[in-house]
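Visitor: Below you'll find the structure I mean.
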Amino acid sequence: MPRSAREGGTAAVRLGAVRDSVRRPWIVGVSGASGTPYAASVIRALLAAGEDVDLVVSRASRLTLLDETGHPFRDAHWREDLRRWLARGADGSPDAYDVAVPEPGSRTGSVPDAPGTVRYWPAGDLAAGPSSGSYPARGMIVVPASTASVAGIALGLSKDLLQRTASVTLKERRPLVVAVRETPLNGQTLRHLVTLDEAGAVVLPASPAFYAGAAQIQELVDFVAGRALDALGVPHDLYRRWEGELGGAQRQS
């Protein structure tokens, strides 16, 4: 085999190894809209699927988290606060889930069914990794998405890291899901949502369905989270899927 071919083969193998070792997270942006249980369900399911997560929590969402959970979310103690948030059920049960929050680099080799890792970026850090298109990421979900974040993303304001990362996601043609949580919607917000749809985002209203036979509030939350993950192409078992059989949920309950 010619020397050039051998060298090319070696380079290809090395490049493949680099690609396999690069961490490519899903970015989860949490805005100030009511609906923090939706975000918690999405993050838990991503980690359970072995997906890495980069988390951006807006300043406004910290107030919503404090109001809806009774606990703060602090930059200096984000891992502890995130673990407590993810352990909480939508009904307020403080220890409904046993959740680990692994750090990037904590995995040892390729471990089947290993949970994903979490990296946190402060919303005011506009020099953070996800602010650049060269930062390796699979895509982004904004959940819940307030009308203010919808407007900022649609207009390209980039006033904080959440909005900037969403703009980067669109320009890089990566998947962007915007789980808007507001009702009713005025004409201005509807126009912003149309702009996002035309830019390639998936506009996903936080509207649970009832054909899955939900009997508890957590099941309604998980339905919305599951539909968001469906839009990203991430496997999960958060809700019962429609199978074309009327009354199927009642018979399985």
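The values are calculated or read from the model by the stated rules, or taken from the named source; none is laboratory data. As the structure is a computational prediction, the values presented were derived from the model and not from experiment. Please note: Cβ atoms are built from the backbone with ideal geometry, for glycine as well, and neighbour counts cover all protein chains shown. Quick note on the areas: whole protein, heavy atoms, side chains included, nothing else; ligands and nucleic acids left out. Shrake-Rupley method; radii C 1.70, N 1.55, O 1.52, S 1.80 Å.
Visitor: Can you tell me how many residues within segment 58-102 are basic (Lys, Arg), out of contact with any helix residue (DSSP H, G or I) (no Cβ under 8 Å at 6 or more places or on another chain) and touching a residue at least 40 places away in the same chain (Cβ under 8 Å)?
Guide: Number of matching residues: 2.
Visitor: Looking at segment 219-253, which of its residues are open to solvent by less than 50 Å² (accessible area, probe 1.4 Å), out of contact with any Gly (no Cβ under 6 Å at 6 or more places or on another chain), part of a loop (DSSP other than H, G, I, E, B) and modelled with pLDDT of 95 or more?
Guide: Correct list: Val234 only.
Visitor: Here are Ala76, Ala12: which of them is exposed (fewer than 13 other Cβ atoms within 10 Å of the Cβ), modelled with pLDDT under 95 and either in a helix (DSSP H, G or I) or not hydroxyl-bearing (Ser, Thr, Tyr) (or both)?
Guide: The match here is Ala12.
Visitor: Could you list all residues from segment 125-154 that are open to solvent by 40 Å² or more (accessible area, probe 1.4 Å), of a type in the set (A, V, I, L, M) and out of contact with any Ser or Thr (no Cβ under 8 Å at 6 or more places or on another chain)?
Guide: Ala127
Visitor: Residues being open to solvent by 10 Å² or more (accessible area, probe 1.4 Å) and under 16 Å from the mean Cα position of the chain (by Cα): count how many of those fall in segment 155-179.
Guide: So the answer is 5.
Visitor: Further question: Scan segment 39-73 residue by residue and report those that are in a helix (DSSP H, G or I) and surrounded by 24 or more Cβ atoms within 10 Å (Cβ to Cβ).
Guide: Hits for segment 39-73 are Ala39, Ala40, Ser41, Val42, Ile43, Leu46, Ser61.
Visitor: Going through segment 188-216 one residue at a time, which ones are in contact with a Lys or Arg (Cβ under 7 Å, 6 or more places away or on another chain) and buried (at least 19 other Cβ atoms within 10 Å of the Cβ)?
Guide: Leu204, Ala206, Ala212
Visitor: Sticking with this one: In segment 203-238, what count of residues is obtained for those that are free of Cβ contacts under 8 Å to residues at least 12 places away in the same chain and either under 18 Å from the mean Cα position of the chain (by Cα) or closer than 20 Å to Ala33 by Cα (or both)?
Guide: Counting residues in segment 203-238 that are free of Cβ contacts under 8 Å to residues at least 12 places away in the same chain and either under 18 Å from the mean Cα position of the chain (by Cα) or closer than 20 Å to Ala33 by Cα (or both) gives 2.
Visitor: What is the number of the single condition among (1) touching an Asp or Glu at 6+ places or on another chain (Cβ under 6 Å); (2) under 23 Å from Leu47 (Cβ atoms) that Asp230 does not meet?
Guide: Going through (1) touching an Asp or Glu at 6+ places or on another chain (Cβ under 6 Å); (2) under 23 Å from Leu47 (Cβ atoms) one by one, Asp230 breaks only (1).
Visitor: In addition: Give the residues of segment 95-109 that are open to solvent by 40 Å² or more (accessible area, probe 1.4 Å) and under 22 Å from Val224 (Cβ atoms), sorted by residue number.
Guide: Ala96, Tyr97
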